[in-house]
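K.L.:
Below: one structure in structure tokens.
Computed from the coordinates by the stated procedures, all read-outs in this text should not be read as laboratory data. Predicted, not measured: the structure shown is a model, and the values here were computed from it. Cβ coordinates were reconstructed from backbone atoms using ideal geometry, including for glycine residues, and neighbour counts include every protein chain displayed.
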Amino acid sequence: MFITLSDVFQFMGRFFKEAFMPPYEGRELLKQCYDIGYKSLALISLTGFITGIVFTKQSRPSLAEFGATSWLPSLVGIALLRTLAPLLTSLIAAGKVGSSIGAELGSMRVTEQIDAMEVSATNPFKFLVSTRVMACTITIPILTFYTALVGMLGALLNVAMSEGTSARLFFQASLESITFLDITASTIKAVLFGFTIGVVGCYQGYYSSKGTEGVGKAANSSVVIGMFLIFIEEVVSVQFFGLFRT
Amino acid sequence: MVSKTTDIDREKVIEIKGLHKSFGDYQVLRGVDLDLYKRENLVVLGKSGTGKSVLIKIIVGLLTPDAGEVKVLGRIVDQISYRELLELRLKVGFSFQNSALYDSMTVRENLEFPLVRNQRRLTRGEVNSAVEEMLDAVGLLQTINQMPSELSGGQRKRIGIARTLILRPEIMLYDEPTAGLDPITCLEINSLINEVQERFHTSSIIITHDLTCAKAVGDRVAMLLDGRFERQGTFEEVFATDDQRVKPFYDYNFIQ
């Protein structure tokens, strides 16, 4: 366990060393941002929209008991931005992107494609790992805010159909309750979650072995370990940012 | 079939002394000594699992030895920095047993990949002409826009060799170049290895257990037995023996 942890920290150390030293793999970074970000949009949109609708619908009865249904836009806005959007986006990305990175790099390892890069005097860590970790770290925060926006649209649809609230009023009430700290905390969390997904997926894939079984294991571990770490980071960050709210 | 002979310079490009390598309790290499001379094709023979591929992976720095010294073009491989190792690898080409083509890239991109990363000042036109020239050299210019999955086993081997040659290495390491190929394609690959030696003036180590290949391409043959090179010489010299570890090899390939 401790040996593995030390390996992971070494891996992260190597990422920071390789990622910010020339030559840069800008084209590959853009390609990865496209693959990780743009190709996840459909799934993220659907999930975010449904979450917005369901969360609003489930919250209404509790608020209605106190005659406080007018608080729904604020409640939805805060819940989505503080927790639901970063967590949902990251969990979906851990499943979709993490497994894909783990399987891709694992497959490249067992078919000696990574060795082929090594022997052709190319640094495979820089080309494969640095670009994927950076792409996850960049795109997950963007996807998080996109999920929050789509979730708000879902919530708006539900509120508009039930209470007849206008879009202007809904967004005004939502945005008034969101603070700068909420946006900062959400961004930091999303960056952390994205980095985690990238590092876990790349680590599992890059060091996978044992043929096709190893590839499957790499993909599976990328998802399981990634999600586990995201939940732990969520708990820690909630406690940490809670200190600034009191 | 007659063994080939080439004028070989006596300058050593690879020197291996007392090389040991184990995986767990299994000792694969037990004191290997071997030299490769300039412009020589050296065939390394041996049964599966005797450490032939391990040997060339140590030469190129993919594996580290437990003991012994591997000197490539005057540099001791496990004593140089990573940056120096990358520079050395520019001069040492490695053709993998399964070709190891990048399966998400086209043939063109496979060949461009090492070139654009190691010679960043090349213009697009220069890259294109280098890729086309190398594909033409292996007779597969028509596959330039195909994906590796669309190629046959023999074509994949050729593209793998072309990708290695595009960096103009001084030394070529071939890992089982004819494994899994039909006899006709094997002959084509053997011819290609000889053409590469003549056209690009390379020194090569060819790992194989195909004696037809060994005879066709080898200036010298070394047989790996029990973790050491116990027989070295021309093809005829190596097999002029009653050693029961060597004889069945010949009998299987040429009598059966």
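K.L.:
If you take just the helices (runs of 4 or more DSSP H) that sit entirely in the range A:1-72, which of them hold at least 3 residues that are among the aromatic types (F, W, Y) and surrounded by 11 or more Cβ atoms within 10 Å (Cβ to Cβ)?
P.N.:
A:2-19
K.L.:
If you don't mind, there's one more thing I want to ask. Mind checking which residues of the range A:213-233 are within 11 Å of A:T196 (Cβ to Cβ) and touching a helix residue (DSSP H, G or I) at 6+ places or on another chain (Cβ under 7 Å)?
P.N.:
Result: A:S222, A:I225, A:G226, A:M227, A:L229, A:I230, A:E233.
K.L.:
To continue, here is another question. Consider A:L128 against the criteria (1) within 14 Å of chain B (Cβ to nearest Cβ); (2) in a loop (DSSP other than H, G, I, E, B): it satisfies all of them except one. Which criterion is unmet?
P.N.:
Result: A:L128 fails condition (2) only.
K.L.:
Another question, then. Which of the residues that make up the range B:206-255 are in a helix (DSSP H, G or I), free of Cβ contacts under 8 Å to residues at least 40 places away in the same chain and surrounded by fewer than 23 Cβ atoms within 10 Å (Cβ to Cβ)?
P.N.:
Selection gives B:E237, B:K247, B:P248, B:Y250, B:D251, B:Y252, B:I255.
K.L.:
Inspect the range B:135-148 for any residue being over 24 Å from B:L73 (Cα atoms), within 19 Å of the chain's Cα centre (by Cα), away from chain A (no Cβ under 13 Å) and among the polar types (S, T, N, Q) and give the result as yes or no.
P.N.:
Scanning the range B:135-148 turns up no residue that is over 24 Å from B:L73 (Cα atoms), within 19 Å of the chain's Cα centre (by Cα), away from chain A (no Cβ under 13 Å) and among the polar types (S, T, N, Q).
K.L.:
Further question on the same structure: Considering each residue of the range B:113-131, count those that are facing chain A (nearest Cβ under 10 Å) and either closer than 22 Å to B:D103 by Cα or not in a loop (DSSP other than H, G, I, E, B) (or both), and give that number.
P.N.:
6
K.L.:
A further question follows. Look at B:E112 and say whether it is without any contact (Cβ under 8 Å) to a residue 24 or more places away in the chain, touching a helix residue (DSSP H, G or I) at 6+ places or on another chain (Cβ under 9 Å) and of a type in the set (D, E).
P.N.:
The answer is yes for B:E112.
K.L.:
Can I ask one more? For the range B:8-96, please list each of the strands (runs of 3 or more DSSP E) lying entirely inside it that holds at least 1 residues being more than 14 Å from chain A (Cβ to nearest Cβ).
P.N.:
Filter on the range B:8-96 gives B:12-23, B:26-37, B:41-45, B:67-72.
K.L.:
From the residues in the range B:63-110 that are charged (D, E, K, R) and more than 30 Å from B:S149 (Cα to Cα), which one is surrounded by the fewest Cβ atoms within 10 Å (Cβ to Cβ)?
P.N.:
B:R83
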